[in-house]
Amino acid sequence: RNKDTTRDEFIFYSKRLMRLLIEHALSFLPLKSVTVETPQGTMYEGKRFHRQRITGVSILRAGETMEQALTAVCKDIRLGKILIQTNLDTGEPEVRPAAAWHTALHHWHITKHPSFPPQLHYLRLPKEISEDYVILMDSTVSTGAAAMMAVRVLLDHDVQEDRIFLLSLLMAEMGVHSVAYAFPRVHIITTAVDKRVNEEFHIIPGIGEGSRVCCTP
């Protein structure tokens, strides 16, 4: 969090936290008992993920920084991307043109959230994602509006709500409450929760914004 932390140190510790975060999230996946034979000829009982595939989906751009840690932990994992434009004046996803408002509203039916229908700018999801466990990644979550839109997109592609894991390095209480209220079956996993969001919709005390968070390799 220190503003004087060098870029190299910030990258090093961010990567470490991302790896720990993802490892912890994987512990919530359903496992089955399996018995294998060791090189010493002894039988050993362990655990193995026994359902469908795991897919990672990043909320661009900041969520993309977590992909490297995910692929380091999950071999041959499929990846998807979602880009939702945020309005800098309201902190909410941007709305569509007025002429398309009613069409957008049909798809944006999170009635517990007061914002207008958000604008989805880019979407790339793997095929046949409906049966997958999805790890949805964003490095920070402040108001939760973009995260909720991303969850809504996954639900519209028939992903089951309780198979969605929202992972973030840092979340504001507002974002946690918003997502949990709208989607109570989504798993929310983060390394820390901060109390406030300022007038510019930055998390306070936070870890930084802009290139510090989005462009960490």
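The values are calculated or read from the model by the stated rules, or taken from the named source; none is laboratory data. All values reported here derive from a predicted model rather than from experimental measurement. A quick note on method: Cβ atoms are made from the backbone with ideal geometry, for glycine too, and the neighbour counts reach across all protein chains shown. Areas reflect the complete protein model, heavy atoms only, side chains present, ligands, DNA and RNA absent. Shrake-Rupley method; radii C 1.70, N 1.55, O 1.52, S 1.80 Å.
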Close pairs from region 67-85: first of a type in the set (S, T, N, Q), partner surrounded by 15 or more Cβ atoms within 10 Å (Cβ to Cβ), Cβ under 7 Å, at least 6 apart: THR71/ILE77; GLN85/PRO93; GLN85/GLU94; GLN85/GLN119
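Can you tell me which residues in region 68-80 are open to solvent by 20 Å² or more (accessible area, probe 1.4 Å) and under 20 Å from GLU128 (Cα atoms)?
Passing the criteria: THR71, LYS75, ASP76, ILE77, ARG78, LEU79.
Keeping to region 20-52, report how many residues are acidic (Asp, Glu) and within 25 Å of GLU161 (Cα to Cα).
The initial filter retains those residues of region 20-52 that are acidic (Asp, Glu), namely 23, 37, 45.
Within this subset, residues satisfying the condition of being within 25 Å of GLU161 (Cα to Cα) are 23.
Residues that pass the stated criteria total 1.
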Members of region 1-41 that are in a loop (DSSP other than H, G, I, E, B) and either under 23 Å from ILE189 (Cβ atoms) or open to solvent by 80 Å² or more (accessible area, probe 1.4 Å) (or both): ARG1, ASN2, LYS3, ASP4, SER27, PHE28, LEU29, PRO30, PRO39, GLN40
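Test SER139 against the stated conditions and say whether it is open to solvent by less than 40 Å² (accessible area, probe 1.4 Å), over 28 Å from PHE10 (Cα atoms) and polar (S, T, N, Q). Steps first, please.
On the way: open to solvent by less than 40 Å² (accessible area, probe 1.4 Å): yes; over 28 Å from PHE10 (Cα atoms): no; polar (S, T, N, Q): yes.
Spelling it out, it is not the case that SER139 is open to solvent by less than 40 Å² (accessible area, probe 1.4 Å), over 28 Å from PHE10 (Cα atoms) and polar (S, T, N, Q).
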Conditions (1) open to solvent by 70 Å² or more (accessible area, probe 1.4 Å); (2) modelled with pLDDT of 85 or more; (3) under 17 Å from ARG152 (Cβ atoms); (4) in contact with a helix residue (DSSP H, G or I) (Cβ under 9 Å, 6 or more places away or on another chain): number failed by GLU131: (3)
